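What follows draws every value from the coordinates through simple rules; no lab data is involved. In this text, all values refer to a predicted model and were calculated from it rather than measured experimentally. Quick reminder, even Gly has a Cβ in these numbers, built from the backbone with ideal geometry, and neighbours come from all protein chains shown.
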Amino acid sequence: MKALQALWAVGSLVWVSCADREVNRSVVQTASIEGSRYAKEVEAQSPFKTVEMRWIEARELIKTRNPAFVDASKRYTQAHQGKPLVAELTREMKDTMKVSFVDILDTELLIKSLKAPTVELPKRMASFARLKDLSHEVEHEAWQDAGASVDAELDMRKVNVRLQRLLRMGELLDREKKRANREPNPEAESDPKFLAALAAWRNSLEKDRNKWLTEVRDLFDAEYQDVHFIPDESGLPSYQSAANPDLADWKRWSHLQRSKGLIGLLSASHKESKPSIPGTSLVKDSLLKMVGREKKTNIIRDTNDVRKEVRSLIQSWRNLKEAQQKAAALEKKSGDDTVGSIADITISQTIFKLRSDEIKHASVLWMLDENCW
């Protein structure tokens, strides 16, 4: 008996030893693979030299380097993967919203529709014909997936807009620093006030550049020594050549935001009653109210949401064009000559501020204007 116990003990020790070696081997292999992979990543970050990349390369790199974009991309894929009806539904939300539910339930429009109900009302419901067919097939989870898809698209767009802002600011900072670091007019070098103003201007630009670089590092989740982006044609519109866009064109307004609200409504409607046409019961309630019935009608979407979006679009456009025009006038006045006075420095600083404001206002337009996407 003791011999068997001893033999079992020896066997156990051998087994444990083999298991330990296997675990250690696995750990070493894993560490080697992960270490090698991350070493290549660190090398790509070039922590001790300047990285140069074209704008289009930055737009591609963001898809793998930015945590928020990567997460949103995964959520978007999960919402669509193996779910063709969800893909169809989200496409419908963005591409065929000819009439919003707010329009359908607008009292004045409904009164107008009732004057020729056999013609006008079906026409107003026509844009939802395909949604009607889909609503019979898609379960509530599919509506949730559609909402998740839109949320993910919005998050990816936010990252892209942030990148565009940094690309434009990098271009502006490089241009401004180049002008500030030129040798000043020899006649002005004898003026201590001018030299002090020039030094302050250069220091201010250096601080702005460092702040910009920190944001670039955070965006790419990488510790670059420095980054230089090379402009190309892949950027979003600058709007500099557009004088008077048709901002009343609803197709330019943020489809994703509107789709998000509409999906929420359709999801709730589908869950409650699964009507033959999503929202039919709500239309019926409004019609009953118009003829004196007291049944309360739910508000489908607060029109203030749309109004705020459009007002933001218009305000940003107006502020953008104002900044562009003022900057262009000052640039024409100052030319590209070497700075030779405190007045020249002040004008350059004003131009920089206006061009920075231009980029800030353009960021709002990039986010809301569907023509960018």
### Task
Filter the cross-link list 193/333; 63/83; 321/360; 178/321 down to pairs whose alpha-carbon distance in this structure exceeds 20 Å.
193/333; 63/83; 178/321
### Message
Let's test the formula: R0 of 30 Å, r as the Cβ-Cβ distance of residue 240 and residue 183. What FRET efficiency results, to the nearest 0.05?
### Response
0.45
#### Entry: FRET efficiency, 1/(1 + (r/R0)^6) with R0 30 Å, evaluated for residue 309 and residue 74 via beta carbons
0.65
### Query
Looking at region 166-215, which trypsin sites (Lys or Arg not before Pro) are DSSP coil and have at most 13 other C-beta atoms within 10 Å of their C-beta?
182
#### Entry: Residue-span extension gain [residue 332 to residue 61] - 0.36 nm each, minus C-alpha spacing
93.9 nm
